[in-house]
Amino acid sequence: MRKLWNRPDYPVWSLVTKDNNGTYNMNICSYVTAVGMKPKVMLVALYHGTKSRENIVVGEPVRLQLLAENQASLVRLLGQQSGKTINKVARLEKRSLVTYHAEWPYLIGVVGYLDLKVINLIDAGLDHDLALCEVLYQNNLSDDVILTTTYLKQNKFTR
């Protein structure tokens with residue numbers, strides 16, 4: 001039987017960040033939740049040692065995109081490879097999978113996205129930090145089925 005905290009089904013998001021050189025990165029986030037209503041505030045867990053975590057401290061806004069179920073294959077690139085060694089957005093652009101709004105990329109086919117301002121970065125322990133973020137803008141793009149952690153496990157995209 002799975003551990004208790006792995007039993008709930010969570011939506012799968014991708015966080016878009018930008019470094020000091022203006023290079024964008026995308027990753028996978030499944031530890032994401034709303035924690036405030038007015039203003040709308042989101043909490044995003046970021047794994048230590050990642051390019052996305054490094055980019056958060058630059059102070060730029062970030063984009064959080066909600067993936068659709070038909071984007072499950074992107075998890076291998078976005079979540080199982082490092083933005084420190086490859087340019088994920090460039091690879092996605094070569095495959096015509098990225099478009100832009102307000103100069104920020106997002107994946108074609110996402111359910112929608114949120115533009116966020118990081119309010120605080122909190123050390124949450126041994127392996128993650130928590131980014132507390134105010135929602136600046138939201139764009140709901142489709143009613144497609146949301147990609148979830150259960151779908152990824154059942155279809156062997158993750159363990």
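The values are calculated or read from the model by the stated rules, or taken from the named source; none is laboratory data. Computed from a prediction, not measured in an experiment: that's the story for all the values here. No Cβ is skipped: glycine too gets one built from the backbone with ideal geometry, and neighbour counts run over all protein chains shown.
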Inset, instruction - Return yes or no: is Asp123 charged (D, E, K, R), closer than 20 Å to Val57 by Cβ, in contact with an Asp or Glu (Cβ under 8 Å, 6 or more places away or on another chain) and at pLDDT below 95? - result: yes
Inset, instruction - Give me the pairs, please: first residue somewhere in segment 17-44 and touching a residue at least 60 places away in the same chain (Cβ under 8 Å) and assigned to a strand (DSSP E or B), second residue anywhere and surrounded by 11 or more Cβ atoms within 10 Å (Cβ to Cβ) and of a type in the set (Lys, Arg), beta-carbon distance under 8 Å, and either six or more positions apart or on two chains. - result: Tyr24/Lys18; Asn25/Lys18; Asn25/Lys51; Asn25/Lys88; Met26/Lys88
Inset, instruction - Taking Asp129 as the residue in question, decide whether it is over 16 Å from Asn25 (Cα atoms), acidic (Asp, Glu) and surrounded by fewer than 17 Cβ atoms within 10 Å (Cβ to Cβ). - result: no
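The rows are residues; the columns are (1) outside any loop (DSSP other than H, G, I, E, B); (2) in contact (Cβ under 8 Å) with a residue 40 or more places away in the chain; (3) touching a Cys at 6+ places or on another chain (Cβ under 7 Å); (4) over 14 Å from Cys29 (Cα atoms).
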| site | (1), (2), (3), (4) |
| --- | --- |
| Gly49 | no, no, no, yes |
| Glu54 | yes, no, no, yes |
| Ala72 | yes, yes, no, no |
| Ser96 | no, no, no, yes |
| Thr99 | yes, no, no, yes |
| Pro105 | yes, yes, no, yes |
| Val118 | yes, yes, yes, yes |
| Asp144 | no, yes, no, yes |
| Leu152 | yes, yes, no, no |
Legend entry - segment 32-71: number of residues that are charged (D, E, K, R) and over 23 Å from Thr148 (Cβ atoms): 5
Legend entry - Odd one out for Asp9, checked against (1) touching a strand residue (DSSP E or B) at 6+ places or on another chain (Cβ under 9 Å); (2) at pLDDT 95 or above; (3) not in a helix (DSSP H, G or I): (2)
Legend entry - So Ser14, is it surrounded by 15 or more Cβ atoms within 10 Å (Cβ to Cβ), closer than 19 Å to Leu152 by Cα and touching a residue at least 60 places away in the same chain (Cβ under 8 Å): yes
Legend entry - Conditions (1) more than 18 Å from Tyr24 (Cα to Cα); (2) of a type outside the set (Gly, Ala, Ser); (3) assigned to a helix (DSSP H, G or I): number failed by Val89: (1)
Inset, instruction - Would you be able to tell me the number of residues in segment 45-59 that are surrounded by 18 or more Cβ atoms within 10 Å (Cβ to Cβ) and touching a helix residue (DSSP H, G or I) at 6+ places or on another chain (Cβ under 7 Å)? - result: 1
Inset, instruction - Check Val32, Val98, Val41, Val62 and return the single one that is of a type outside the set (S, T, N, Q), at pLDDT 95 or above and either surrounded by 21 or more Cβ atoms within 10 Å (Cβ to Cβ) or at positive phi (or both). - result: Val62
